[in-house]
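A.B. asks: The structure is given below, and queries will be raised subsequently.
The values are calculated or read from the model by the stated rules, or taken from the named source; none is laboratory data. Just so we're clear, the structure is a prediction, and the values are computed from it rather than from any experiment. So basically every Cβ, Gly included, is an ideal-geometry build from the backbone, and we count neighbours across all protein chains shown. For accessibility, only protein heavy atoms count, side chains too; no ligands or nucleic acids. Shrake-Rupley method; radii C 1.70, N 1.55, O 1.52, S 1.80 Å.
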Amino acid sequence: MKARLANTMVGGFVALCTAVMSGVAHSAFELNLQPAQTEMARQMYDLHNLILLVCAVIFVIVFGIMFYSIVKHRRSVGHKAQHFHENTTVEILWTIIPLFILVGMAYPATKTILAMKDTSSPDMTIKVTGYQWKWGYDYLQDDIHFYSNLTTPTAQIRNNEPKGEHYLLEVDNPMVVPTGKRVRVLLTANDVIHAWWVPALGVKQDAIPGFIRDSWFKVDKEGTYRGQCAELCGKDHAFMPIVVEAVSPEKYAQWVAAEKQKSAATKVDPNKKFALDELKALGEKVYASNCVACHQANGQGLPGVFAAVDGSKIATGDKNAHIDIVLNGKPGTAMAPFKQLSDVDIAAVVTYERNSWSNKTGDAIQPTEIKAVRK
C-alpha cells in the first residue's frame, strides 16, 4: 500500500513538472517584476519590495505569536484562559503600532505617486490613442502619425505554427523615442477604455474616451521594451501589444527624417478621382488593418458577435448609409466609429467592402463623398 502511495506521489510530481516545463516552453516563467529600465520604474520596484517586506514581517510576527500561544498555552497541558476587559495599555499599543506602520508605508508610496504624476518640463510629447484593437501615435512636435498593429501571424494564434519568441508582443510600427529625453505621453481612447502599460518603463495609465490623461518616462538605455493593453477592452484585448524602441538621439533624428519622407511619399491628394481597382487595392490594406479582427478576412464576421459584411444590406445597399456607419459607428453595438481614418482610407475601405466576396455593387466611392458626409 505504501509502495503504491509512493508511486502515485512520484507520478503526480512528474506530471506537475511536465506541465510546468510545458508552460515554460511557451513563455518565460517569471515570478518577479520586469527589470526596471527607468528611474521611475526603479522607485516603483523598491517600493514594491519595501511593502512586501513589511507585510512579510507582520505576517511572521502575528502568526508566530498566534501559533506559539495556541501550542504553548493549550488546555491539554493545563493552562486556563485569562479573562480581562478594557486593558488601556494593550489598546494604546494596538492603535499606535499600526499607525506608525501605515505612516511608514504611506510616505514612500505618496512620494513615488507624486513623482509618477509630475509630467512637467517634457522634452517631447506623444499622444497615444487606443482603438479596438491597435494603438495610434501622434508625435506632436514632429507632425508624425502612425498606427501600431499586432504582427503575430494568425497561424501561430491558432496553434497551426510554433509560437515565436515575441508571441503577441510584436508590432508593425513601434513607438520610437530618444534615450535621455523626458517623454510625456498623452493618453486617450477612441471607443472603450484601454490602458497603456510598459512595465520596464514604469508606465501604466488608463486611456479613456473623451478624456486626456498623461504620464511620462525617460529611458537611459537603448533597447526594445514591450507591454500590453492592461484594461479588458473587448474580444481582441490580448492583441494590443505595445513596443517602445529607445534609440540614441542621433538615430532618433534619422528616424524622424525617414518618417517624414515616407509620409510625404505616401500622401494622397484627397481631391483625386480614383479608379475602382485603385480603391479596392488600397481598401484591402485598410480593411486588413482596421476591420479584419471583427469582420474576418472572408467578410463573414463571427455569428452572434460581429456582423458579416459579405452579403449584408449595409454593404450592398445605400452607399451613404454605409459611409455613415463606418464614419460614426453604430451606438449600442460593437461597431466603433472610424473618424480617425482619412477620407481616402474610408473611401477605399467602403469601396472594398462593396466590391469584395459576393458583393458586386460596382460603386467606386470617392474621397470627396466622404468629405461631404463628414461635414
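A.B. asks: Quick one: is Lys330 part of a loop (DSSP other than H, G, I, E, B), of a type in the set (D, E, K, R) and either closer than 15 Å to Tyr131 by Cα or touching a strand residue (DSSP E or B) at 6+ places or on another chain (Cβ under 6 Å) (or both)? Steps first, please.
C.D. replies: Values: part of a loop (DSSP other than H, G, I, E, B): yes; of a type in the set (D, E, K, R): yes; either closer than 15 Å to Tyr131 by Cα or touching a strand residue (DSSP E or B) at 6+ places or on another chain (Cβ under 6 Å) (or both): no.
Considered against the rule, which asks whether it is part of a loop (DSSP other than H, G, I, E, B), of a type in the set (D, E, K, R) and either closer than 15 Å to Tyr131 by Cα or touching a strand residue (DSSP E or B) at 6+ places or on another chain (Cβ under 6 Å) (or both), Lys330 comes out as no.
A.B. asks: Sticking with this structure for a sec: What are the residues in the stretch 35-80 that are on the phi < 0 side of the Ramachandran plot, over 47 Å from the mean Cα position of the chain (by Cα) and open to solvent by less than 70 Å² (accessible area, probe 1.4 Å), if any?
C.D. replies: Answer for the stretch 35-80, where residues must be on the phi < 0 side of the Ramachandran plot, over 47 Å from the mean Cα position of the chain (by Cα) and open to solvent by less than 70 Å² (accessible area, probe 1.4 Å): just Ser69.
A.B. asks: Which residues, taken from the stretch 189-207, are open to solvent by less than 30 Å² (accessible area, probe 1.4 Å) and either outside any loop (DSSP other than H, G, I, E, B) or polar (S, T, N, Q) (or both)? Show your work before the answer.
C.D. replies: Taking the stretch 189-207 first, the residues open to solvent by less than 30 Å² (accessible area, probe 1.4 Å) are 189, 194-196, 198, 200-203, 205, 207.
The answer is Ala189, His194, Ala195, Trp196, Val198, Ala200, Leu201, Val203, Gln205, Ala207.
A.B. asks: Name the residue, out of Ala81, Ala115, Ala106, that is closer than 29 Å to Arg213 by Cα and free of Cβ contacts under 8 Å to residues at least 40 places away in the same chain. Please lay out each step first, then the result.
C.D. replies: Working: Ala81 fails: closer than 29 Å to Arg213 by Cα; Ala115 fails: free of Cβ contacts under 8 Å to residues at least 40 places away in the same chain.
Selected residue: Ala106, the only one of Ala81, Ala115, Ala106 that is closer than 29 Å to Arg213 by Cα and free of Cβ contacts under 8 Å to residues at least 40 places away in the same chain.
A.B. asks: Among the residues of the stretch 309-364, what is the count of those that are open to solvent by 40 Å² or more (accessible area, probe 1.4 Å) and of a type in the set (A, V, I, L, M)?
C.D. replies: 4
A.B. asks: Does Val177 fit the bill of being of a type in the set (A, V, I, L, M, F, W, C), open to solvent by 20 Å² or more (accessible area, probe 1.4 Å) and either under 27 Å from Gln43 (Cα atoms) or under 14 Å from the mean Cα position of the chain (by Cα) (or both)? Lay out the reasoning, then the answer.
C.D. replies: Working: of a type in the set (A, V, I, L, M, F, W, C): yes; open to solvent by 20 Å² or more (accessible area, probe 1.4 Å): no; either under 27 Å from Gln43 (Cα atoms) or under 14 Å from the mean Cα position of the chain (by Cα) (or both): yes.
No.
A.B. asks: Give the stretch 153-188 a look and list any residue that's touching a residue at least 60 places away in the same chain (Cβ under 8 Å), part of a loop (DSSP other than H, G, I, E, B) and not aliphatic (A, V, I, L, M), or say none.
C.D. replies: Lys163, His166, Tyr167, Glu170, Pro174, Thr179, Gly180, Lys181, Arg182
A.B. asks: Just to check your reading of the model, which residue among Gly234, Gly299 is open to solvent by less than 20 Å² (accessible area, probe 1.4 Å), in a loop (DSSP other than H, G, I, E, B) and on the phi > 0 side of the Ramachandran plot?
C.D. replies: Going through Gly234, Gly299 in turn, the sole match is Gly299.
A.B. asks: Can you tell me which residue is farthest from Pro337 (Cα to Cα) among those in the stretch 205-229 that are modelled with pLDDT of 95 or more and among the basic types (Lys, Arg)?
C.D. replies: Only one residue tops the list, namely Lys218.
Residue-wise test of (1) loosely packed, with under 15 Cβ neighbours inside 10 Å; (2) touching a Ser or Thr at 6+ places or on another chain (Cβ under 9 Å).
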site: Ile101; (1), (2): yes, no
site: Lys111; (1), (2): yes, no
site: Ser120; (1), (2): yes, no
site: Gly130; (1), (2): no, yes
site: Pro153; (1), (2): yes, no
site: Asn159; (1), (2): yes, no
site: Pro162; (1), (2): yes, no
site: His166; (1), (2): yes, yes
site: Val171; (1), (2): no, yes
